[in-house]
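Written below as structure tokens is the structure these notes are about.
Read-outs: derived from the displayed coordinates by stated rules, not from any lab. Predicted model only: the values in this text are computed from it and were never measured. Here Cβ is always computed from backbone atoms with ideal geometry, including for glycine, and neighbour counts include all displayed protein chains.
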Amino acid sequence: MEENIYKYFEQELESLDGTGNRRKLPHAVNEGKYISVNGKRMLNLSSNDYLGLACNHKLQNEFLNTVGEKDRLLSASSSRLLTGNFGIYDELESRLAELFRTESALVFNSGYHMNMGILPAVSDSSTLILADKLVHASIIDGIRLCNAKCIRFRHQDYGQLEKLIEKNKNDFNRIIVVTESIFSMDGDTANLPLLADIKKRYPGVMLYVDEAHAVGVRGKNGLGLAEETGCIKDIDFLCGTFGKALCSVGAYIVCRKSVREYLVNRMRTLIFTTALPPLNIAWTKFVLDHLPDFYERRNNLALSSNMLRRIFVDKGYGCISESHILPLIIGKSEDAILKAEDMQKKGVYVLPIRPPTVPEGTSRLRFSLTASIGKNDLELIIKSL
Ligand SMILES: *Cc1c(COP(=O)(O)O)cnc(C)c1O
């Protein structure tokens, strides 16, 4: 037996140091579109606060001044299946179903709970899961808990996807195709109409789409890429999160009533966890009620994203992004760290994204734009490149 039982962890951490892949929790103070780290104030390009609402005190005060006594609770004290199912949950879910024009909706504690819970609940050994190679870690972890067989297809290679469906369709009861709509690391977008078309041609195929980075940002009313592309009705499991553009906490699925009821009975990350506090749910509903009004913010974000994308291309970096998330691919982790440090010195807070979050050799800086970025901010970014 090892004498110092902690030695293993210490050695592992040292080897992470050696490859530039050791992570640390940064201390940060957020002030609107700025962030102060170790006393240095920088333009924050690493936040998921895509609509620039998370520090909007006016909106928060409006909410706090109007929220009713019964929704001010700061704990649900139990799972929704026991005593935690407060009325505000039903109100939020009705509102979601109304907005998306679906039969029903179900709310979860986080996107992580959502992705860890849905696939294991709805799949069994006669299910095949076909997931895009680049789906989020939370989806991968959910798949690990499934009894289903899973094959990951090459990123956005829908030709390969269709071949896999063709080859396997007679061996499984159902096939669930899983993708993000805007991919979190490359900022590129799934072709939802094409996926909907594939689904329509194969009756055993269901679609699972995670809109974590698109909800609030895309679509006329901010409902996501599925709204923008007219595909809401074609997606069996249309999911998204409240923690990013919607400046709250939690996640949702909009779906058929039978799917919702099934999840209530089978989804362990819904059943075995304390529900979010009613106050948070009330705030999410408040933000959703205002979602169509944030049209100008969405527009502004689209404009500055287009502009920065063009700059990346002009400067020879190339750009695969089709959204407000723009990767600047560097290659080696060490180089990405140096470049990030240089940009931070110049007042732009971008962070290096390294393995295992992205594949080996594709370490990068991830620029995540928000609706608060103005013309002067863009100029600062361009200068600092
Ligand atoms: C952020 C994210 C999640 C996790 O959502 P949380 O609410 O932060 O747990 C899930 N899926 C994707 C694609 C994400 O980017």
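The table below lists the values:
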{"read-out": "Leading residue at positive end of dipole, the chain (Cβ point charges), from G20, Y112, L385", "value": "L385"}
{"read-out": "D_trans [Stokes-Einstein, Kirkwood Rh over alpha-carbon pairs] for the range 1-110, 37 °C, 0.692 mPa s, µm² s⁻¹", "value": "170"}
{"read-out": "Stokes-Einstein translational diffusion, the range 195-335 - Kirkwood Rh over all Cα pairs, 1.002 mPa s, 20 °C, in µm²/s", "value": "122"}
{"read-out": "Compactness relative to 2.2 N^0.38 Å, alpha carbon Rg of the range 274-336", "value": "1.70"}
{"read-out": "Among 160-166, 64-70, the order from most to least packed when residues are scored by Cβ within 10 Å on average", "value": "160-166, 64-70"}
{"read-out": "Evaluated over the chain, the Cα radius of gyration and Dmax, each in Å", "value": "21.5, 63"}
{"read-out": "Charge dipole magnitude, Cβ of K and R +1, D and E -1 - the chain, Cα centre, debye nearest 20", "value": "380"}
{"read-out": "Interatomic Cα distance distribution for the range 338-385, bins of 5 angstrom, percent", "value": "5, 20, 26, 22, 15, 9, 3"}
{"read-out": "Efficiency of FRET between N38 and L338 - r from beta-carbon atoms, R0 22 angstrom, step 0.05", "value": "0.80"}
{"read-out": "Kirkwood Rh, Cα atoms: Rg over Rh of the range 223-302", "value": "1.00"}
{"read-out": "Calculated log₁₀ intensity ratio I(q)/I(0) where the Debye formula runs over C-alpha points of the range 126-224, q = 0.11, 0.20, 0.24, 0.25 Å⁻¹", "value": "-0.32, -1.00, -1.33, -1.41"}
{"read-out": "Counting all C-alpha pairs of the range 304-385, share separated by more than 16 Å (%)", "value": "50"}
{"read-out": "Most mobile of I151, I35, I139 in a GNM of the chain (Cα contacts under 10 Å)", "value": "I151"}
{"read-out": "Paramagnetic reach from L73 (point 7 Å along Cα→Cβ, amide N under 13 Å) across the range 84-98", "value": "84-90"}
{"read-out": "Long-range amide H partners of F153 with built H, under 5 Å", "value": "A131, D132, K133"}
{"read-out": "The range 1-59 versus the range 131-174: alpha-carbon centroid distance in Å", "value": "32"}
{"read-out": "Positive dipole terminus of the chain, leading residue within F286, F86, V209 (C-beta point charges)", "value": "V209"}
{"read-out": "The chain, relative contact order in percent, only Cα pairs under 8 angstrom and at least six apart counted", "value": "22"}
